[in-house]
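Reading through the structure tokens given below for one structure.
The values are calculated or read from the model by the stated rules, or taken from the named source; none is laboratory data. Keep in mind that what you see is a predicted model, and the values were worked out from it rather than measured. Neighbour counts are summed over all protein chains in view; Cβ atoms, including those assigned to glycine, are modelled from backbone coordinates with ideal geometry.
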Amino acid sequence: MRRQRQPMESYQQAARVGEELKNEENQQEEALASEQPVDDECSCDAPEEAATPEAEADPEARYRAELEEMRLRSAAEMDNFKKRLTREHQEQMRYAAEKVLGDLMPTLDNLDLALQYGSKNEACKDMLQGVAMTHKSLLDAVARHGLSPVGVEGEEFSPEIHEAVGFDSRADLAPGCVARVLQRGYKLGERLLRPAKVMVNQ
């Protein structure tokens, strides 16, 4: 009988130890539960939403925005390229005849000289009419291509279009004006091909 009572006592002692351990675990769980915040979802989710920007939350939207920016930049560069080509083409067409018109300027100079010195001789009067008509026709032809003469007596001297080769004295003109044109200058559009050689009034 003594041997059978020992296993029974051991079993009862083990059961008591198990109940004590279980009670301790329950007490620890209750303590942990009481330490946790009441609203777990708000405390966990709110900082995460505040720290995540909308662009990072939607990578596809950010990718579409980058593509749109690249498209707009490429369209602007292409538009600038077309405008530059158009300007260069217009510039080339405007001054394409510069060499030919430059070669015609000595002919215009000779006609000017013929009219200037032939007008002093009465014997050349009839011939000068034909020279004057030829000179006018040639000026009209080159004017259609943008060539225009510069340098007129009486206008104010400008170093941009005039080249002073000497001084003259005329009472009917103010000082600093063109007293005499020795050789006409010419412009092609806004470009000066040759300045006018003039005498400046003192």
Subset of the stretch 159-202 that is surrounded by 14 or more Cβ atoms within 10 Å (Cβ to Cβ) and part of a loop (DSSP other than H, G, I, E, B) - its residue that is modelled with the lowest pLDDT: GLY189
Residues GLY102, GLY146: which one is more than 24 Å from ARG180 (Cα to Cα), surrounded by 14 or more Cβ atoms within 10 Å (Cβ to Cβ) and modelled with pLDDT under 90? GLY146
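Table: residues versus (1) in contact with a Ser or Thr (Cβ under 9 Å, 6 or more places away or on another chain); (2) at pLDDT below 90; (3) in a helix (DSSP H, G or I).
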residue	(1), (2), (3)
THR86	no, yes, yes
ASP109	no, no, yes
TYR117	no, yes, yes
LEU128	yes, yes, yes
Does LEU111 fit the bill of being in contact with a strand residue (DSSP E or B) (Cβ under 6 Å, 6 or more places away or on another chain) and not charged (D, E, K, R)? no
Could you grab the pairs with beta carbons closer than 6 Å, sequence gap of 6+ or different chains, first residue in the stretch 85-114 and within 25 Å of ALA132 (Cβ to Cβ) and in the same structural domain as HIS145 (by TED's automatic domain parsing), second one surrounded by 12 or more Cβ atoms within 10 Å (Cβ to Cβ) and hydroxyl-bearing (Ser, Thr, Tyr)? MET105/TYR186
Filter the stretch 149-158 for residues that are out of contact with any Leu (no Cβ under 7 Å at 6 or more places or on another chain) and among the small types (Gly, Ala, Ser); the one that is surrounded by the most Cβ atoms within 10 Å (Cβ to Cβ) is GLY151
Pairs, first in a helix (DSSP H, G or I) in the stretch 61-76, second among the hydrophobic types (A, V, I, L, M, F, W, C), C-beta under 7 Å, six or more apart: ALA61/ALA55; ARG62/ALA55
